[in-house]
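Undergrad: Take this structure first; my questions come after.
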Amino acid sequence: MADAPHPRDRFDSKAHEVARFGAQRGVLKTAVHATVTLTAVDSEKAAALEGKPFILVANHSSHLDAPSILSALPWRIAKTLAIGAAADYFFDVWWRRGLTALFFNAFPVQRSGRRKQVVSARSLLERGIPVLLFPEGTRSKSGRMAHFRPGSAALATTLDVPILPVALIGAHHAHPRGSSWPKPGRLPVTVVFGDPIAPIEGENARDLTARVQAEVVRLVTVHGGPDAKELPA
């Protein structure tokens, strides 16, 4: 028996897609380019996954991270990408919840794990919707990459979907944790897209996580140099 169709919601609504276009391309991307000098590298690697579910995984050290990734992606990918955002921060009050949903097509991630999620990364992937997850779990205070948690890799192995590694370079320097606005001077921020990484048959989440983080580290090293502030300590 075929699965019952899911009710349409903002993740696959054409009306919401039009609203997101105005918010992301008209406002967010304009604001990003006005505050930093953004460079996108190999964004066609994301474009090649159009129409397929996948998990975009990136290092995380700044509130600029998600806006920079969305601005670097071609619209045909960004228009459906759903972003996992901390429920206790971005969904705590109605106005922030609404803006987060509009600008980032976000879904809440329960960092404590105590509350059931109505919309989850798994449910979105099963519907063919790509998701962006930050496996460090929170923004780095120093800018240096922390160990990736295995949740994203566990999803990839369970659902047999690829992971697209992304390296963010310069975002923490431009807008460090604790600051209310990016530094003046349009500092450089680079978004580097790697090759999709597919789970290997029989591979566990821990090993896949190690492969993904190693690729993000490699991308940071190649494009940011061996002394890049984003590299793990």
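Undergrad: Of all residues in segment 38-85 being among the hydroxyl-bearing types (Ser, Thr, Tyr) and crowded, with 23+ Cβ neighbours inside 10 Å, which is farthest from THR138 (Cα to Cα)?
TA: Result: SER68.
Undergrad: Assuming GLY137 fulfils every condition listed in (1) of a type outside the set (A, V, I, L, M); (2) modelled with pLDDT under 95; (3) under 25 Å from THR35 (Cα atoms) apart from one, which condition is it?
TA: Every listed condition holds for GLY137 apart from (3).
Undergrad: Cβ-Cβ distance below 8 Å, separation of 6 or more or different chains: which pairs start in segment 41-54 with a residue that is touching a residue at least 12 places away in the same chain (Cβ under 8 Å) and end on one that is in a loop (DSSP other than H, G, I, E, B) and among the β-branched types (Val, Ile, Thr)?
TA: LYS52/VAL161; PRO53/ILE129; PRO53/VAL161; PHE54/VAL161
Undergrad: Hey, another quick one. For segment 114-124, check the following and say yes or no: at least one residue is in a helix (DSSP H, G or I), more than 18 Å from the chain's Cα centre (by Cα) and among the charged types (D, E, K, R).
TA: no
The values are calculated or read from the model by the stated rules, or taken from the named source; none is laboratory data. Quantities reported herein were computed from a predicted structural model and do not represent experimental measurements. Methodologically, a virtual Cβ is constructed for each residue, glycine included, from the backbone with ideal geometry; neighbour enumeration extends over all protein chains shown.
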